[in-house]
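Data block below; observations after.
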Amino acid sequence: MNEPSVAGVAAPASLYVHFPFCEHRCHYCDFSVFRARQPPLDEWLGALDVDLCQWFEVAGWSRPQLLETLFVGGGTPSLMGTSGMRRVRALIEKWFEWDATLEWTAESNPASLTGELCERWRDAGVSRLSVGVQSFDDAVLRWLGRLHDAAGAQAALTRARAAGFENINLDLIFGLPADLDRDWEAEVRATANLAVTHVSTYGLTAEPRTALGKWVKSGRVRMPDDDSYGGEYLAAAAALSDAGYVHYEVSNFAKPAHECRHNWQCWEGAPYLGLGPSANSYLGGCRFWNVYGWEAYRKAAREGGSLREGGERLTPDQSALERVWLALRTRSGLPIDDPVWGASAEQGAIPQVWAEAGWLVSAGGRARLTPEGWLRMDALVAELGWRLEE
């Protein structure tokens, strides 16, 4: 593969590790996952070691490098067993060092988040727990194909707190078919009452290669219309904001000072390294993506092949558009005097039009999108992208 060179590029301070194994694939999931009740932990860790070795060799990094954020996602990392996260730490410590300020996030499923696992993760150094609850409605959870019920989700949170986790994120899915008769607003209020430090809300999408995508195409399932989808998004934004959460990014809400630092690094355009099948990296103005599936990733690691499937250097136009897109997806927004606003019109004309429509607010010399604007973000950024090309 002819990928861009990263020789001499500084090592990133943020690391993502993908654990691709799940006991069950949800019908809406489009991630790189591999079904396994007993994940091959030894092989996975060995492949990650090869992944890191390849990066350090091609970039010329010395060991160890300083790490500020670590995110272990999946898949279902809570399937790796009670010793798994300690072994992840032992591997990462071969290549990186960190101090007590490290933000270490690990994703989990309520069905496999045992009390002992929580304790072992805390002992290993995990400081931030993300729990894939998705819903507190048993009928919705059955339709989604989740392995837990509402009571199980509540019990998992109790176990996590008993183990000492204070920084906890909950994932919720909205935009489900209307015939499920779900009370979305009641679920959001119930989530707010749990007083977790962070909530991530994701709109359900019917990706073509998923089972859900095929059901929608055949007419078996009908997705909600734009008004229903948007109504649920705005209802969640209002309820969580009223409960004291800061809506700091399109899909994310945090109690003050509990924003996800790892994700902020990515949204601010900082470099990051991704390990594991399908993981992405951003280094030196270039994007890289790993071999997608576990079997292919494992085979490449065994045989000494490159674990990178592709890479590209962003053009100046791509970099400019990405800068705008990343900035506008967060509450930081863009400076009101940024050249992008006046690329094709009188300075300030675009912010004024968007503000009058309720899509944007200006304060402290910066313009940021409102929840109504975030609903239209793709179209709004496309408009600015078109102007950037002029």
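Per residue, the chain reaches -11500 deg cm²/dmol at 222 nm when only DSSP H runs of four or more residues are counted, each adding -39500 (n - 2.57). Here are some values of Kirkwood radius over Cα pairs in Å: (i) 24.2; (ii) 25.1; (iii) 22.3. Which one was computed from this structure? Matching the structure shown: (iii). Would you mind pulling out the separation of the Cα centroids of segment 30-85 and segment 224-282, in Å? The distance from the Cα centre of segment 30-85 to that of segment 224-282 comes to 23 Å.
A cut-off under 11 angstrom between Cβ atoms defines the neighbours of Thr370, and their net charge, with Lys, Arg +1 and Asp, Glu -1, is +2. Summary of packing: across the peptides 281-289, 103-111, the per-residue average of other C-beta atoms within 10 Å ranks them, highest first, as 103-111, 281-289. Secondary structure note: in the chain, about 45% of the DSSP beta bridges are antiparallel. Remark: spin-label model distance Glu166-Tyr292 equals 4.3 nm, labels positioned 7 Å along the Cα→Cβ axis.
Among the protein heavy atoms of the chain, carbon and sulfur supply 49% of the accessible surface, probe 1.4 Å, non-protein parts ignored. Residues in the chain average 45 Å² of solvent-accessible surface per residue, probe 1.4 Å, ligands and nucleic acids excluded.
Taking the chain, the Cys residues with no second Cys beta-carbon under 4.7 angstrom are Cys22, Cys53, Cys118, Cys260, Cys266, Cys286. For segment 233-390, the relative contact order comes to 17 percent (Cα pairs under 8 Å, sequence separation of at least 6).
The values are calculated or read from the model by the stated rules, or taken from the named source; none is laboratory data. Please read these numbers as outputs of a predicted model, since none were measured by experiment. Reconstructed Cβ throughout: ideal geometry from the backbone, glycine too, with neighbour counts over all protein chains shown. Each accessible area value is taken on the protein alone, full model and side chains, heavy atoms only, with ligands, DNA and RNA left out. Shrake-Rupley method; radii C 1.70, N 1.55, O 1.52, S 1.80 Å.
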